[in-house]
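Inspection log for the structure reproduced underneath, given as structure tokens.
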Amino acid sequence: MKIAVAGKGGTGKTTISTLLVTYLASNAKVLAIDSDSNENLAYALNFPEHGISKMPRIRKFMEDIYSYTKTDPDWETRHLSPKHDANYYSFNNGIKDPFLEKITLTKDNISVAHLGTVEEDKRGIQSMCGSFGLMRVFLNHLNEGSKDYVLVDLAAGNDLLTRATVMNMDEILLVVEPTFKNLSVAKDILISLKYLSLDRVYVIVNKSFDDKDIELVSKELIIRKDNIRRISFDQKIIELDNAKSLSFDNVPDEAKKAIKEIVESMLKNPIDRNKLCLLYTSPSP
């Protein structure tokens, strides 16, 4: 199963991603991918800093990925979905193909990879646009085993959603805070998902101070309440995160309950894996 975690910056996407990954890893193999240029996921999962600094970033392999997947690098003719003879990367029963082995760090049942960010000497004169396009190609050519999980911590906001980066995802988890500005971004994200025929979204209301927030979010986003869970603001979660010791096992019971119930709902109602075939295969002229 592939799960994408989306939301406005600052909502706690990486915190929720960390809790999901550590929960899923208790009985399965998990590939966690940080697609945000602000690299945090490997640190949040408490991988050693010296290993993170040496880990090859996905964005460094643009030519290799386009060539291997048989993707046309010309943006005017590039296909959104894989070609019939495309090659795929493989994560099966925790066994990684040579490319995934090269770009990941592994600890216990968790493997982590980063998209990467702009180099220090190119800040201000280079963008991440090409890298975000690369992430779409990479994720749409990535297969996992029936018992494995791939979790993608998306870049903040709506940018990667408008690029069809989540076309090959099974589930979308939207992390929100119950505020006007935050829910406005969430609405934009939902519009992008509907264009991709991804109509079912799960929501976690994070940093909540009122149990009525589920009612508010359901009404504002037009999402069923049974697809929404709530995690109260809790100083302990912040302290664990700052200490790089955050995991499913040591957070308050309410957070554990929310994460567990969201995953159980996803497993009970899987999305059709053939949805890629339903989408158009080339951009409009």
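The values are calculated or read from the model by the stated rules, or taken from the named source; none is laboratory data. Note that the structure is predicted; figures quoted are calculated from it, not measured. Here the Cβ is made from the backbone with ideal geometry for all residues, glycine too, and neighbour counts use every protein chain on show. Note: accessible area is taken over every heavy atom of the protein model, side chains too, but ligands, DNA and RNA are not part of it. Shrake-Rupley method; radii C 1.70, N 1.55, O 1.52, S 1.80 Å.
Summary of values
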{"quantity": "Accessible carbon and sulfur surface of the stretch 130-281 relative to its total accessible area, %, 1.4 Å", "calculated": "53"}
{"quantity": "For Thr22, solvent-accessible area (1.4 Å; no DNA, RNA or ligand), Å²", "calculated": "30"}
{"quantity": "Contour minus Cα-Cα distance for Ile222 and Asn250 (0.36 nm per residue)", "calculated": "6.8 nm"}
{"quantity": "From the C-alpha gyration tensor of the stretch 1-59, square roots of 5λ in Å", "calculated": "18, 16, 11"}
{"quantity": "Convex hull of Cα atoms in the stretch 138-200, direction-averaged projection (nm²)", "calculated": "4.7"}
{"quantity": "R0 of 25 Å, Cβ-Cβ distance Glu215-Lys268: FRET efficiency to nearest 0.05", "calculated": "0.60"}
{"quantity": "Paramagnetic label zone (point 7 Å from Cα along Cα-to-C-beta, Asn242; backbone N under 11 Å) in the stretch 1-37", "calculated": "none"}
{"quantity": "Semi-axis lengths, Å, the chain, gyration tensor of Cα atoms, sqrt of 5 times eigenvalues", "calculated": "28, 22, 19"}
{"quantity": "Fraction of accessible area attributable to carbon and sulfur, the stretch 8-88 (%, probe 1.4 Å)", "calculated": "47"}
{"quantity": "D (Stokes-Einstein, µm²/s), Kirkwood Cα radius, the stretch 175-221, 0.890 mPa s at 25 °C", "calculated": "222"}
{"quantity": "Share antiparallel - DSSP beta bridges, the chain, percent rounded to 5", "calculated": "15"}
{"quantity": "Rounded Å value of the spacing that divides the Cα centres of the stretch 7-42 and the stretch 215-262", "calculated": "13"}
{"quantity": "Computed [θ] at 222 nm, helices only, for the chain once each DSSP H run of length n ≥ 4 contributes -39500 (n - 2.57)", "calculated": "-10000 deg cm²/dmol"}
